[in-house]
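Bear in mind these aren't lab numbers, they're just calculated from the coordinates by the rules spelled out. Computed from a predicted structure; not experimentally measured. Here Cβ is always computed from backbone atoms with ideal geometry, including for glycine, and neighbour counts include all displayed protein chains.
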Amino acid sequence: TKSQAWSALFSEPMSELVQRYTASVFFDKRLWQADMQGSLAHAEMLAAQGIIQDEDYAAIQRGMAQIRSEIEAGTFEWKLELEDVHLNLEARLTQLVGDAGKRLHTGRSRNDQVATDIRLWLRAEIDLIAGLLREVQGALLAVAEKNVDVILPGFTHLQVAQPVSFAHHLLAYVEMFARDEERLADVRKRVNRLPLGSAALAGTTYPLDRERVAQTLGMEGVCQNSLDAVSDRDFAIEFTAAASLIMVHVSRLSEELILWMSQSFGFIRIADRFTTGSSIMPQKKNPDVPELARGKTGRVVGHLMGLITLMKGQPLAYNKDNQEDKEPLFDTVDTVRDTLRIFAEMIGGQTNAQTGAKEGGITVNAAAMRAAASKGYATATDLADYLVKKGLPFRDAHEVVAHAVKTAQDQGVDLAELPLETLQGFNRDVEQDVFDNALTLEASLNARNTLGGTAPAQVQAQIARHQARLQVV
Ligand code: ARG
């Protein structure tokens with residue numbers, strides 16, 4: 001095991017266990033593209049600054065191209081004794097192009113290298129996840145568009161509260177995912193800054209042009225303090241926090257989907273391919289996908305806790321602790337990506353190759369929703385509002401309607417099923433129009449015509465706004 005980059009000083013080889021314990025190549029090799037991208041930008045700048053020769057840069061480019069094809073072909077030999085992705089690539093480069101390969105690391109440390117790699121990698125993943133968030137919003141929006149006039153009970157405390165449009169309910173999730181998208185865009189600004197050029201911790205003696213490298217890599221600026229640059233992982237924590245919120249939103253939606261597709265609700269169905277059967281109960285179709293998504297939320301929130309705890313005791317500057325940033329970050333990205341992908345399809349369906357139409361999204365049982373909204377006195381507030389229009393103070397109206405609800409409950413009927421005379425017994429001013437103007441589900445919705453309310457006109461306006469924002473027609 002004499003292949004380590006620092007071996008001259010060491011009088012004995014690393015034990016196998018220590019080697020395995022300290023190595024990261026088996027998980028950080030997925031950073032290879034970012035590592036190569038960073039190395040090429042660094043080499044280009046070294047040549048432009050006259051720190052290495054143009055021929056060296058050309059050789060490095062040639063060697064990297066070869067390495068790229070080897071990795072893509074699956075023939076690249078990853079070596080545990082070379083510890084991580086950085087040393088694996090550099091060692092192979094030197095094997096391929098000789099001294100030019102050995103010059104690549106001039107003015108650079110793995111400390112600024114790895115920080116740069118994670119940022120480059122995460123930037124691309126953020127863009128991917130932002131795109132998936134838009135797909136999920138698009139899917140919710142497509143279902144919303146078809147269900148503006150479908151009414152279900154809105155709940156507070158999971159008790160029937162007031163009727164709402166199903167589209168309105170779905171648009172609440174569109175708002176959440178839109179905020180997630182905004183948050184990612186904000187995190188991206190701080191991910192997209194360049195640590196490279198900070199070297200191990202103190203900067204370097206070579207006349208590097210850091211701005212040039214930042215520009216080559218499409219970064220918005222350079223990290224301004226070398227100690228901070230090599231040790232900062234705030235961006236990873238921020239990303240994982242944003243990812244945790246995405247998963248919390250997915251989890252809340254999952255919980256509702258699970259309830260809605262239970263026999264007690266029967267509001268929706270999801271396509272069979274997102275459910276599984278039971279090995280004992282022949283009748284079962286279980287909502288495994290939303291359940292797992294709800295479960296995986298714990299895993300992502302756990303990664304947030306892991307990362308934030310990883311940083312809390314670290315003195316400046318780089319410490320090997322930081323190698324532990326990768327697995328939680330990778331797993332967060334993988335989990336969020338897969339979850340959003342599957343949700344976009346589960347909700348909106350998949351595109352039929354022939355017709356171009358979306359098929360197999362959630363199926364809505366409008367009758368079941370309506371039946372549920374018609375139980376539980378969802379229009380009681382509307383009756384109170386009706387009495388207020390007749391001149392009664394709201395608190396008195398509230399009390400009057402409580403009596404009416406009690407009576408209806410005792411008789412086992414809905415408010416709208418009480419005879420006019422009974423209602424007039426509670427308040428003389430009640431007239432026949434109460435049935436159309438207060439006690440129907442439609443009247444209840446239509447009356448909530450304030451910005452952000454559930455009136456169909458408001459919901460249509462919100463759909464149009466989101467469509468314009470997402471540029472879907
Ligand atoms: N594999 C290391 C990491 O992920 C790379 C940086 C190592 N630097 C060092 N001085 N040991 O953090």
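Compute the FRET efficiency between Lys312 and Gln159 as 1/(1 + (r/R0)^6), taking r as their Cβ-Cβ distance and R0 = 41 Å, and round to the nearest 0.05. Each step should come with its number before you reach the end.
On the way: r = 42 Å, r/R0 = 1.03.
Working from the Cβ atoms, E equals 0.45.
Just rank Met14, Met346, fewest to most, by other beta-carbon atoms within 10 angstrom.
Numbers: Met14 17, Met346 25.
With the fewest neighbours first, Met14, Met346 line up as Met14, Met346.
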Order these by the 10 Å Cβ neighbour count, fewest first: Met36, Met281, Met369. Met281, Met36, Met369
Can you give the percent of C-alpha pairs in the chain whose distance is more than 32 Å? 56 percent
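Where does each of Phe10, Phe330 land when they are ranked from fewest to most other beta-carbon atoms within 10 angstrom? Don't skip to the end; give the middle numbers.
Numbers: Phe10 10, Phe330 19.
Going from least to most buried by this count: Phe10, Phe330.
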By average C-beta atoms within 10 angstrom, highest first, the peptides 406-414, 102-110: 102-110, 406-414
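For the range 375-467, what does the relative contact order come out to in percent, with C-alpha contacts under 8 Å and a separation of six or more? Don't skip to the end; give the middle numbers.
Numbers: 83 pairs, mean separation 22.8, N = 93.
After rounding, I find 25 percent.
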Taking only C-alpha pairs under 8 Å that are 6+ residues apart, what is the relative contact order of the chain in percent? 16 percent
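Distance check, please: which entries in Lys29/Lys79; Lys146/Lys375; Lys146/Lys285 exceed 18 angstrom between their Cα atoms?
The pairs that break the limit, which is 18 Å between Cα atoms, are Lys146/Lys375; Lys146/Lys285.
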Furthest towards positive pole of dipole, Trp121, Gln61, Leu46, structure part the range 1-122, Cβ charges: Trp121
I'd like the Kirkwood hydrodynamic radius of the range 265-413, using the inverse of the mean 1/r over distinct C-alpha pairs, in Å. 21.1 Å
Euclidean distance of C-alpha centroids, the range 79-139 and the range 339-400, integer Å: 48 Å
Quick check on the range 1-157: take the gyration tensor over C-alpha atoms, sort the square-rooted eigenvalues as a ≥ b ≥ c, and tell me if it's rounded (a/c under 1.5), prolate or oblate. prolate
Using all C-alpha to C-alpha distances in the range 375-467, build P(r) with 5 Å bins and read off the rounded percent in each one. 3, 14, 23, 22, 16, 9, 7, 4, 2, 0
First measure r as the distance between the Cβ atoms of Glu324 and Ala468, then evaluate 1/(1 + (r/R0)^6) with R0 = 56 Å and state the FRET efficiency to the nearest 0.05. 0.80
Is the shape of the range 13-106 rounded, prolate or oblate, going by the alpha carbon gyration tensor and its root eigenvalues a ≥ b ≥ c, with a/c under 1.5 for rounded and a/b larger than b/c for prolate? prolate
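Where does the charge balance sit around Ile60 when Lys and Arg score +1, Asp and Glu -1, over other residues with C-beta under 15 Å from its C-beta? Could the numbers behind the result be given before it?
Values: positive: Arg62, Arg68, Arg92, Lys102, Arg103, Arg108; negative: Asp35, Glu44, Asp54, Glu55, Asp56, Glu90, Asp99.
The answer is -1.
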Considering the zone a paramagnetic label at Tyr21 would reach in this model (a point 7 Å from Cα along the Cα-to-Cβ line), which residues of the range 308-350 have amide N under 14 Å from it? 321
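Please give the net charge around Gly306, taking every other residue with its beta carbon less than 14 angstrom from that of Gly306, where Lys and Arg add +1 and Asp and Glu add -1.
On the way: positive: Arg233, Arg299, Lys312, Lys326; negative: Asp321, Glu324, Asp325, Glu327, Asp331.
That sum, taken over residues with Cβ under 14 Å, equals -1.
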Treating only the Cβ atoms of Lys and Arg (+1) and Asp and Glu (-1) as charged, compute the dipole magnitude of the range 375-467 about its Cα centre; round to the nearest 20 debye. 420 debye
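Treating only the Cβ atoms of Lys and Arg (+1) and Asp and Glu (-1) as charged, compute the dipole magnitude of the chain about its Cα centre; round to the nearest 20 debye.
Numbers: 49 positive and 62 negative charges, 44 e Å.
Value, rounded to 20: 220 debye.
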